[in-house]
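Undergrad: Once you've had a glance at the structure underneath, I'll fire off some questions.
The values are calculated or read from the model by the stated rules, or taken from the named source; none is laboratory data. Nothing here was measured: the structure is a model prediction, and the numbers come from that model. Note: ideal-geometry Cβ built from the backbone for every residue, glycine included; neighbour counts use all protein chains shown. Note: areas computed on protein heavy atoms with side chains; ligands, DNA, RNA excluded. Shrake-Rupley method; radii C 1.70, N 1.55, O 1.52, S 1.80 Å.
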2 protein chains.
Amino acid sequence: MTEFDLIRRYFTRATPGALLGVGDDAALLRASAGSVLAVSSDMLVSGTHFFPDAEPFLLGHKTLAVNLSDMAAMGAQPRWATLAIALPSVNNAGADDAWLEKFSAGFFSLAQRYGVELVGGDTTRGPLNLCVTIMGEVPQGGALLRSGAQAGDEIWVSGYLGDAALALAHLQGRIALSESDLDICAQALHRPQPRVELGLALRGIASSAIDISDGLLADLGHILEASRMGAQIDLVKLPASRPVAGYLGQQTGIQCVLAGGDDYELCFTAHPARHAEVSGIAAKLKLPLTNIGTIVARQGCIVFDAAGNPLKLERAGYEHFR
Amino acid sequence: MTEFDLIRRYFTRATPGALLGVGDDAALLRASAGSVLAVSSDMLVSGTHFFPDAEPFLLGHKTLAVNLSDMAAMGAQPRWATLAIALPSVNNAGADDAWLEKFSAGFFSLAQRYGVELVGGDTTRGPLNLCVTIMGEVPQGGALLRSGAQAGDEIWVSGYLGDAALALAHLQGRIALSESDLDICAQALHRPQPRVELGLALRGIASSAIDISDGLLADLGHILEASRMGAQIDLVKLPASRPVAGYLGQQTGIQCVLAGGDDYELCFTAHPARHAEVSGIAAKLKLPLTNIGTIVARQGCIVFDAAGNPLKLERAGYEHFR
């Protein structure tokens, strides 16, 4: 199979929202009037971000999901993506076919759900590597930035924290989850749901937002740094699934909710006057939104335990270059 | 060094042409009024596209150059780029620093020349992989497409063909070049010059265009396929540097000019009435532009040798998945 056959067979779908899609030296795109373009790139590497034997449909989903999550965190409407992919050399071309068919099915299944069009990319030989650039639209001046948090703002997170990290701890043999608990947590790890609808709903309401890819403390830390603010959060308020809650008496559980990456929930801040509106969004989207603490002027992030004592924090989050 | 330190130190420069650059979940960009966005992604993999010990400054140059070449082929004004990079784990962090400093210097040196702003990306651990998404602007309806070639159009190429392939043949031990010949050819291989100015000058003049990354026959073939046309080209007209010309009596030289990739010259077509204008562009840019043949209605590409006999073609170009 040539590179061009491969692109034609697995990665070419109709792109009615583009002036020109796959097949020339570049795609041609036009943002809607009054909108600006939000652009983000994420690279997923075998062995670093996923196991080499990852199920390809789920990997295709996750490859796009982590990028959609960046659009969600900006309050952007995702529109287009490019996908560059390095595939290992295999002797049996059939294996490639099966893998690509499932991978592209997972990718396009999620793309279709959010109206994202694949408009270009690259395919080449090399250790498995997946690089997506996602492009979305946001009304000029309407993006959710990291830098807008104000003292007194409430801090919110969507969904549950730590499921993905707990699943990883199980897969790495550090803990042993029951089958039903693993099922719950593995969903977060393998099939994260980008909070696109939430990001769109938070336009004009949230003062800042970020997606939690490296762990709550690390990612909230980016908001605090960009906003030059501090935060106080309550450990008991952190939303945990039943499996994670079962580990909250141990360091493992606390690590998972505070520093576990890969959940792709949103962390955002909003003025207390918007509390009811945020709760209304939660009800409308059927997505738990939990107020976990408050932005304060004094820099630094303090986590209080159930007794009201500040927690000693050991690990701030996942950083690729530690 | 954390991921964030690394981005701050090596990959954060001022981005006055962006509404928001590096440092949030996405960059925010606005295309100029009347323009549409041209977007292209290219992935460079160690061992596939460059030698693992490639000099990092030149690699930084080439990583951006191959992407700029796509903008050139569209007649687009390059504006912004994202860079996702996977770096192997090294025990000595100092080696990373030296490599990154040179790589980013090469990248930004070329970026600055064309006013391209790095607005985002990703850094992670993994086998060395460099993925750029480039974004440029082109007046609506003014892009140079592959699909516009008409019967009777002249076929042109810029610069010289086959230098990069000849350098590669030497480096792989298949031929032995003199030091001065290697110098000439290695420039094309290691430091390709994207023909951005040419692409811009050809707006409204060329009927189709593509950059030659996989070899003349393969890339001209894309024009022919997209335009549903054929071509007749004359081997003796193909522009060759002195080193390549020295091999034109052998299969090696013919392979280099017809099927050698990595030159990143432009191949374009234009109505014969535009011949003088094209020559004028060549003079103005001090860049050889050579008329190598003609577009014909009958599909297929025929290359005539010096005696006027059609050449038997063995290898159509570089394809990653052969």
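Undergrad: How much FRET efficiency would the formula 1/(1 + (r/R0)^6) give for A:Gln299 and B:Gln112, where r is the Cβ-Cβ distance and R0 is 25 Å, rounded to 0.05? Working shown, then result.
TA: On the way: r = 35 Å, r/R0 = 1.40.
E(calc), rounded to 0.05, equals 0.10.
Undergrad: Quick one: the Cα spread of chain B along its three principal axes, in angstroms, biggest first?
TA: Each principal axis gives a Cα extent; for chain B these are 63, 51, 35 Å.
Undergrad: Simple spin-label model, 7 Å along Cα-to-Cβ: A:Asp97 to A:Thr2 in nm?
TA: Each label point is offset 7 Å from its Cα along the Cβ direction, giving 1.8 nm.
Undergrad: Also: Sorted by mean Cβ packing within 10 Å, highest first, what order do the peptides A:287-294, A:66-73, A:46-53 take?
TA: Highest-to-lowest ranking by the protection proxy: A:66-73, A:287-294, A:46-53.
Undergrad: Given Cα pairs under 8 Å that are at least 6 residues apart, what percent is the relative contact order of the stretch A:3-139?
TA: 42
Undergrad: What percent antiparallel are the DSSP beta bridges of the protein assembly as shown, to the nearest 5?
TA: Roughly 75 percent of the beta bridges in the protein assembly as shown run antiparallel, per DSSP.
Undergrad: With a 1.4 Å probe and all protein chains left in place, how much accessible area per residue does the stretch B:3-139 have, in Å²?
TA: Numbers: 4460 Å² over 137 residues.
Ligands and nucleic acids excluded, the figure is 33 Å² per residue.
Undergrad: Looking only at Cα atoms, what is the convex hull volume of the stretch B:153-304 per residue, in Å³? Before the final figure, lay out each step's value.
TA: Working: hull volume 15.3 nm³, N = 152.
Dividing the Cα hull volume of the stretch B:153-304 by its residue count gives 101 Å³.
Undergrad: Also: What are the extents of the Cα atoms of the protein assembly as shown along their three principal axes, listed from largest to smallest and rounded to whole Å?
TA: Computed over the protein assembly as shown, the largest-to-smallest principal extents equal 92, 48, 42 Å.
Undergrad: Which whole number gives the average, over all residues in A:42-50, of C-beta atoms from other chains lying within 10 Å of the residue C-beta?
TA: Other-chain Cβ atoms within 10 Å of each residue's Cβ, averaged: 5.
Undergrad: What Cys residues in the protein assembly as shown have no fellow cysteine's beta-carbon under 4.7 angstrom?
TA: So far as the 4.7 Å Cβ criterion goes, A:Cys185, A:Cys256, A:Cys267, A:Cys301, B:Cys185, B:Cys256, B:Cys267, B:Cys301 stand without a partner in the protein assembly as shown.
Undergrad: Modelling each spin label as a point 7 Å along the Cα-to-Cβ direction, I'd like the A:Gln140/A:Arg13 distance in nm, to one decimal.
TA: The modelled label-to-label distance comes out at 3.2 nm.
Undergrad: So, one more: Using only alpha carbon pairs under 8 Å that are at least six residues apart, calculate the relative contact order of the stretch B:177-293 and give it in whole percent.
TA: 41
Undergrad: Sorted by mean Cβ packing within 10 Å, highest first, what order do the peptides B:259-269, A:275-285 take? Walk me through the numbers on the way to the answer.
TA: Values: B:259-269: 26.7, A:275-285: 14.5.
Packing order, densest peptide first, comes out as B:259-269, A:275-285.
Undergrad: Taking a label point 7 Å from the Cα of A:Lys312 along the Cα→Cβ vector, which residues of the stretch A:231-265 have an amide N closer than 15 Å to it?
TA: Flagged as within label range: A:251.
Undergrad: Calculate what fraction, in whole %, of the accessible area of chain B sits on carbon and sulfur atoms when a 1.4 Å probe is rolled over the protein chains.
TA: Ligands and nucleic acids excluded, carbon and sulfur reach 51 percent.
Undergrad: Okay, next question. Report for chain A the percent antiparallel among DSSP-assigned beta bridges with both residues inside it, nearest 5.
TA: Antiparallel: roughly 75 percent of the beta bridges in chain A.
Undergrad: If you only keep lysine pairs separated by 8 or more in sequence, or across chains, how many in chain A come under 22 Å at the Cα atoms?
TA: For chain A, qualifying lysine pairs total 5.
Undergrad: For chain A, what relative contact order do you get, as a whole percent, if you take Cα pairs closer than 8 Å and at least 6 residues apart?
TA: Reported as a whole number, the value is 22 percent.
Undergrad: Using a 1.4 Å probe and counting only protein heavy atoms, how much accessible surface gets buried when B and A come together, both sides summed, in Å² to the nearest 100?
TA: Approximately 5100 Å², summed over both chains.
Undergrad: In addition: Quantify how strongly other chains surround peptide A:113-123 by giving the mean number of their Cβ atoms within 10 Å of each of its Cβ atoms.
TA: Mean partner shielding for this stretch: 3.
Undergrad: A further question follows. Would you kindly work out, in nm and rounded to one decimal, the distances from the label point of A:Asp183 to those of the same position in each other copy, ordered shortest first, with label points 7 Å along Cα-to-Cβ?
TA: Ordered by distance, the counterparts are at 7.2 nm.
Undergrad: Would you mind getting the Kirkwood hydrodynamic radius of the stretch A:3-139 from its Cα pairs, rounded to one decimal in Å?
TA: Mean inverse Cα-Cα distance, inverted, gives 15.2 Å.
Undergrad: Among DSSP beta bridges whose residues both lie in the stretch B:153-304, state the antiparallel percentage, nearest 5.
TA: In the stretch B:153-304, approximately 75 percent of DSSP beta bridges are antiparallel ones.
Undergrad: Summing -39500 (n - 2.57) over the DSSP H runs of n ≥ 4 in chain A and dividing by its residue number, what mean residue ellipticity at 222 nm do you reach, to the nearest 500 deg cm²/dmol?
TA: -10500 deg cm²/dmol
Undergrad: What are the label-to-label distances in nm, one decimal and shortest first, from A:Lys237 to the same spot in the other copies, with labels 7 Å along Cα to Cβ?
TA: Reported distances to equivalent positions: 7.4 nm.
Undergrad: With everything on Cα atoms, drop me the angle between helix A:275-285 and the longest principal axis of chain A, reported from 0 to 90° to the nearest 10.
TA: 40
Undergrad: Compute the label-point distances linking A:Pro52 to its equivalents in the other copies; points lie 7 Å from Cα along Cα→Cβ; give nm, one decimal, shortest first.
TA: 1.5
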